[in-house]
Each structure stands twice: as structure tokens, then as C-alpha cells.
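Participant: Here it is, the structure in full.
Nothing in this text is a laboratory measurement; each read-out follows from the coordinates by a stated rule. Nothing here was measured: the structure is a model prediction, and the numbers come from that model. We place every Cβ from the backbone using ideal geometry, glycine too, and count neighbours over all the protein chains shown.
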Amino acid sequence: MEQKNVPQDESALGKVTREVCYVTDENGNYVTDLSTGWEVKKDALDAAWKDIDGRIAAAMQKVDASEASPLLFFMEYRLMDINILSDYTGLWKWQIKRHLKPTVFKKLSPSTLQKYAEAFNVSIDSLKSMHINEG
Amino acid sequence: MKVNFEHRQAAHCETGVTTSLLQNIGVTQITEPLAFGIGAGLFFAHIPLIKINNGPAIAFRTLPGLIFKRTCNALGIPVTRKKFRSKEEAANFLQRQIDAGNPVGCQVGVYYLPYFPKEYRFHFNAHNLIVFGKEGDNYLVSDPIMEHATSLSSYELERVRFAKGALAPKGQIYYPTGPAHVTDEQIKKAIIKGIQKNVRNMLNIPGWFAGVKGIAYTGKNIKKWRDKLGLKTAGLYLAQLVRMQEEIGTGGGGFRYIYAAFLQQAYAYIPNEQLLEISKEFTKAGDMWRNAAVQAAGIYKGRLGSQEDFDVMGNYLIDIAVIERNAFTALKNIKW
């Protein structure tokens, strides 16, 4: 890529930092330059988040319909699969699968709920209600 | 307490940390492209069957940790690397390094990294940063991705050092032991070794899904994605490919531009005109990767979507594989 073609599009990262690109100057020598973002990859990231938002909404519907416990919602919300959640909580995967059932979730002990709350970085109240106070 | 250390921004986290830490102990010749090339950083792999964030597992660089290790080894610099079970022990060890005046590299997860924008926070655990001091409860942090040095509270740092999931960092700390004096002759030898290693990784690695043949394999697969996955999922897969290729820290074109820059810088130590010619081929490969990304964007934005569009996309990769195979073969045939 030539230096004059370094994209300076808007992006989420661009609000925090510009990023280093390796480009060639007019003599063909490599130099570094800073870019605020590139639309092509901003769109890639947007596509990924649109998909995640769809998963979160679908999980919420399932919880509302009592087909799953709030754990499903928070797993989607925190982009965690059962492996990651198992690592964060120290619980076995089969336990987590059981806790995904609303009836089982309702009977969980405060200490188990605390483990989930910490893993998802929310309060126990939020964990039960699915109300989250953050941006 | 602040260690004597200068923040440097880089394209990529691991090469950035490697460059900064080596500069700091006196390896004045080292640059990000040299660290990347000596560490044989360029790669391609598309691991079958494994999914990352519901998409394909594609890498444009070698495994995390290897660039630092190979570069230090090639320059004959001893390395300390430690993992921890206990968070307390991890914090104590870090404090002792700060007290001793050593900036250190830390492997961290990005999901709970507060200065990253939310959109970039995935459960990716092989990010690297440097801690170079502590003021009150705040650690002074040099993250190569960032334009300026930043800081993390002790809780925030502990959380990212002990992120969980694949490639969990386990509080990992690493640093080269200095002071070091590296001669230009050593750099020259390290460059040759790095190129030879990278040639092997791209041309001779076993497995149909890795190296230059892996690029062609993915290209052929992409042509089938539309029918096999449906347009929506196929689009998401392409978006993932583009993110791995261009997102935080590849320097553009899936590290191909950094490698082209490396070959130019190598010429200063090994005045062989072929290096400059081959550098141009990697620039061309990088440009083609970016053209492919534009095509992919047409698909995940919904502007394109016919089978012909997927064929064009797949052919980009098949053509790139040819260029990179020729470039690495030319490197292989250089008489050093």
C-alpha cells in the first residue's frame, strides 16, 4: 500500500487510538503511518456485532419464555461459551448445562450465583433480573 | 516507582513488546519489522473443524509467544518466562521486577481490558503489553497498540493477567535479560536464520490447511461457502477472515507489508538486490489481500452475493498463494 492511500475512515478504535500501518513512500521505501480506521474492516466488525446482538436478543426471548435460565443471556452478552464460563467459575461443564434450565437455576445457592456474577462482572440482582447498569 | 522506559507504538502487540524490551536493554538495531522477520512471524493457517467466535479459525501469523522467543534466541539473549498459579505471587513477582528497574512483558486477555473500545473486546487471551512502573494503585502500562502509554489499576491488571479460556495467560510474565550488546554480524545471521525458518513454515509445513497451500485451500473452500453455509453465515465467515487479516495489529494486508518492510531492512545488513525484489512481491501480496478484503466487504455488506462473487473472492486467495509460493521459493534459493 502506498502512503497516500492510507485510509482515514471513522472507526471505534479511532476514537481511542490511531493504528500503525506499514506503507511505501514515493520512492518505494517502507515507512510507518497512522490510520484512524478503514471502512472495510469497520464493516467486518459491525457484521460480527450485528450477529452477536441477534444472539443476545434470541437468548433473552428464550429466557422470557422460560426455555432457558438467565445464564444463556449472560453467556451471549459476555461472548462466553461453556468452556470459557467453566474456566471462569470453576464449575464443571455438565453443571453449567444443568444451570441453564430455569427450574434448576432458581434453586441455586448464593455461593454458586456469586461465582456466575463474578464471571459475568455483574451483581447477583442483575444476574437474576438481566438488568445491567453499564454502557 | 517508574522504570526508565520509553513507550513505542507498533502495529502488532508481540513484535511491539519484543522491540521495546530489546531496545530497552541496549539492542539499538532492533525494529518491529526486524523482530517480526527474525522471529519468522509470517504464516497462514486455517484450522479445520475449530470455530472461534462462531467463525473460522484463521491465522496470518505464527503462534503467540514464538516471535519473542525466536528473536531473543537468534540474538543470543537469555529470556525469563514465568507463569503463576497464585494471583498474589504473580503480583509480587511483578513488583520485584519493577523495584529492580526491569520493564516486563505480560500476556493478557483483552475482554476486560478497560482502555480498549467495547467493540474490540473478545475473549482473546494472547495480547501483550509492557508494565514499566507503579504509581499508587496504578500500574504504568505500555501497550504497543496505543499511541500513548496508559495505566491499569491493580485489580484491572490482575483480571486481564488471569483471564480464562483458550490460551489463558496464567499471569505470564516474560523479559529478556540485559544489558545486551548485539553486533551487526549477529543481526545478519539472525535475519538469515529467520528467513530460512519462515521459508520452511510457509513451503514445507505438513497439513493441507497451513502455509501457502493453506491459502489456496481456503480459497477453494470460500467458493463453496455460499451453498454450504448460506449467504448470511458465509458473509460472517468472510468478515472474520478480514478481521483476522486487518484488525488490530497486522500493519495491513495480514502482516505481508511488515514482512516486505523486513526484507528492505534486511538489505541494510545483507546487500543482496534480490531481497529488495522479493520485498516488492510481498507488497503485491499485501495489496491483493486488501483487494480481497474489499471484495469480502461487498459480500458481508450485502452489495454482492452471487456465486460468481464468491468465485472472485476465492480466486484472490488462490492467486495470492501463487505469489507467496514464488516469493518464498526465491528466498529459499538465495545463496547467503
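Participant: Only Cα pairs under 8 Å and at least 6 apart count here; give the relative contact order of segment B:184-332 as a rounded whole percent.
Facilitator: Values: 167 pairs, mean separation 52.2, N = 149.
Normalised by residue count, the contact order of segment B:184-332 is 35 percent.
Participant: Dipole of the protein assembly as shown, Cα-centred, from +1 at each Lys and Arg C-beta and -1 at each Asp and Glu C-beta, to the nearest 20 debye?
Facilitator: Dipole of the protein assembly as shown, to the nearest 20 debye: 1920 debye.
Participant: Put +1 on the Cβ of each Lys and Arg and -1 on the Cβ of each Asp and Glu in chain A; which of A:Gly37, A:Ser126, A:Leu113 then has its Cα farthest toward the positive end of the dipole?
Facilitator: Selected residue: A:Leu113.
Participant: Could you work out how much longer the chain between B:Tyr267 and B:Leu66 gets when fully extended? Use 0.36 nm per residue separation minus the Cα distance between them, nm to one decimal. Numbers along the way, then the final one.
Facilitator: Details: separation 201, 0.36 × 201 = 72.36 nm, distance 2.38 nm.
Additional length available on full extension: 70.0 nm.
Participant: Same structure again: Determine the sum of side-chain charges near A:Ser69: Lys and Arg each +1, Asp and Glu each -1, restricted to other residues whose C-beta is under 13 angstrom from that of A:Ser69.
Facilitator: Cβ neighbours under 13 Å give a net charge of +4.
Participant: Now, a different point. Let me know the Kirkwood hydrodynamic radius for segment A:1-98, please, with Cα pairs as the basis and the value in Å to one decimal.
Facilitator: Numbers: mean 1/r = 0.0597 Å⁻¹.
Value: 16.8 Å, from the Cα pair sum.
Participant: Trypsin sites (Lys or Arg not before Pro), restricted to segment B:74-161: which are DSSP loop and have at most 13 other Cβ atoms within 10 Å?
Facilitator: Working: sites: B:Arg81, B:Lys82, B:Lys83, B:Arg85, B:Lys87, B:Arg96, B:Lys118, B:Arg121, B:Lys134, B:Arg159, B:Arg161; in loops: B:Lys83, B:Arg85, B:Arg121.
For trypsin sites (Lys or Arg not before Pro) across segment B:74-161 that sit outside H, G, I, E and B with at most 13 neighbouring Cβ atoms in 10 Å, the list reads B:Lys83, B:Arg85.
Participant: Could you give the C-alpha radius of gyration of segment B:123-278 expressed as a fraction of 2.2 N^0.38 Å, taking N as the number of residues it contains?
Facilitator: Working: Rg = 20.5 Å, N = 156, 2.2 N^0.38 = 15.0 Å.
Rg over 2.2 N^0.38 Å, computed on Cα atoms: 1.37.
Participant: Related question: For the pair A:Gln114 and B:Lys193, what calculated FRET efficiency results from E = 1/(1 + (r/R0)^6), where r is the Cβ-Cβ distance and R0 = 56 Å, to the nearest 0.05? Display every interim value, and only then the final one.
Facilitator: Working: r = 52 Å, r/R0 = 0.92.
Efficiency, rounded to the nearest 0.05: 0.60.
Participant: On to the next question. Test of understanding: in a Gaussian network model of chain B with alpha carbons linked when under 10 Å, which of B:Asn272, B:Asn315, B:Asn125 would top the mean-square fluctuation ranking?
Facilitator: Comparing B:Asn272, B:Asn315, B:Asn125 in a Gaussian network model of chain B, the most mobile one is B:Asn272.
Participant: Between rounded, prolate and oblate, where does segment A:82-121 land on the alpha carbon gyration tensor, with a ≥ b ≥ c its root eigenvalues, rounded for a/c under 1.5, else prolate if a/b exceeds b/c? Intermediate results must be reported in sequence, preceding the final value.
Facilitator: Values: a/c = 2.01, a/b = 1.19, b/c = 1.68.
It comes out oblate by the Cα gyration axes.
Participant: Of all DSSP beta bridges in chain A, what percent run antiparallel (nearest 5)?
Facilitator: Details: 6 of 8 bridges.
The antiparallel fraction comes to roughly 75 percent.
Participant: Taking the Cα atoms of segment B:13-176, what is the range of coordinates along each of the three principal axes, in descending order and whole Å?
Facilitator: Sorted from largest, the Cα extents of segment B:13-176 read 46, 35, 31 Å.
Participant: Next question, about the same structure. Starting with the fewest neighbours, write out B:Thr183, B:Thr31 ranked by other beta-carbon atoms found within 10 Å of each beta-carbon.
Facilitator: On the way: B:Thr183 10, B:Thr31 18.
Taking fewest neighbouring Cβ atoms as first place, the list is B:Thr183, B:Thr31.
Participant: Given +1 on the Cβ of Lys and Arg, -1 on the Cβ of Asp and Glu, and no further charges, what dipole in debye does segment B:13-176 carry about its Cα centre, rounded to the nearest 20? Don't skip to the answer; put the middle values down first.
Facilitator: Working: 17 positive and 12 negative charges, 140 e Å.
The calculation lands at about 680 debye.
Participant: Separate question: Could you tell me the center-to-center distance, by alpha carbons, between segment B:40-60 and segment B:175-227 in angstrom?
Facilitator: 14 Å
Participant: Oh, and also: Once you order the gyration tensor axes a ≥ b ≥ c over the Cα atoms, which shape class does segment A:41-129 get: rounded for a/c under 1.5, otherwise prolate or oblate by comparing a/b with b/c? Provide the component values of the computation, followed by the final result.
Facilitator: On the way: a/c = 2.07, a/b = 1.59, b/c = 1.31.
Because a/c hits 1.5 or more and a/b exceeds b/c, segment A:41-129 counts as prolate.
Participant: May I pose another question? Among B:Val242, B:Asn221, B:Ala261, whose Cα lies farthest out toward the positive end of the dipole of segment B:164-267, if unit charges sit on the beta carbon of Lys, Arg (+1) and Asp, Glu (-1)?
Facilitator: B:Asn221
Participant: Okay, moving on. Given the C-alpha centroids of segment A:97-135 and segment B:297-316, what is the distance between them in whole angstrom?
Facilitator: 42 Å
Participant: Turning to a different aspect of this structure: Within chain A, which is the longest segment containing none of the GluC sites (Glu not before Pro) that sit in a DSSP loop and have at most 12 other Cβ atoms within 10 Å? It would help to have the intermediate numbers written out before the result.
Facilitator: On the way: sites that count: A:Glu10, A:Glu26, A:Glu134.
Between the exposed loop sites, the longest stretch runs A:27-133.
Participant: Then there is this: Taking other Cβ within 10 Å of each residue's Cβ, how do B:Leu75, B:Leu157, B:Leu203 sort, fewest first? Before the final figure, lay out each step's value.
Facilitator: Working: B:Leu75 22, B:Leu157 25, B:Leu203 16.
Fewest-to-most ranking of B:Leu75, B:Leu157, B:Leu203: B:Leu203, B:Leu75, B:Leu157.
Participant: Please arrange A:Ser109, A:Ser11 by how many other C-beta atoms lie within 10 Å of their C-beta, fewest to most.
Facilitator: With the fewest neighbours first, A:Ser109, A:Ser11 line up as A:Ser109, A:Ser11.
Participant: Roughly how many debye, to the nearest 20, is the charge dipole of segment B:184-332 about its Cα centre, given +1 on each Lys and Arg Cβ, -1 on each Asp and Glu Cβ, and no other charges? Provide the component values of the computation, followed by the final result.
Facilitator: Details: 21 positive and 14 negative charges, 98 e Å.
With Lys and Arg at +1 and Asp and Glu at -1, about 480 debye.
Participant: What percent does the relative contact order of chain B come to when contacts are Cα pairs within less than 8 Å and at least six residues apart? Before the final figure, lay out each step's value.
Facilitator: On the way: 623 pairs, mean separation 72.7, N = 336.
Here the relative contact order equals 22 percent.
Participant: Follow-up question, since we're still on this one. Where is the GNM fluctuation largest for chain B (alpha-carbon springs, 10 angstrom cutoff): B:Glu32, B:Glu324, B:Glu135?
Facilitator: Result for chain B, Cα springs under 10 Å: B:Glu135 fluctuates most.
Participant: Moving to a separate point now. Toward the positive end of the charge dipole of the protein assembly as shown, about the Cα centre and with charges on Cβ (Lys, Arg +1; Asp, Glu -1), which of B:Ala292, A:Ile82, B:Leu317 goes farthest?
Facilitator: Selected residue: A:Ile82.
Participant: How many nm separate the modelled label positions at B:Asp99 and A:Lys101, each set 7 Å beyond the Cα in the direction of the Cβ?
Facilitator: A separation of 5.3 nm, rounded to one decimal place.
Participant: Please state, as a whole number in µm²/s, the translational diffusion coefficient that the Stokes-Einstein equation yields for chain B at 37 °C and 0.692 mPa s, with Rh defined as the Kirkwood radius across alpha carbon pairs.
Facilitator: After rounding, the answer is 158 µm²/s.
Participant: How much FRET efficiency would the formula 1/(1 + (r/R0)^6) give for A:Trp92 and A:Asn133, where r is the Cβ-Cβ distance and R0 is 35 Å, rounded to 0.05? Mind dumping the intermediate values first?
Facilitator: On the way: r = 30 Å, r/R0 = 0.87.
Using R0 = 35 Å, I get an efficiency of 0.70.
Participant: How big is the protein assembly as shown along each principal axis, measuring the range of its Cα positions in Å and listing the largest first?
Facilitator: 72, 61, 40
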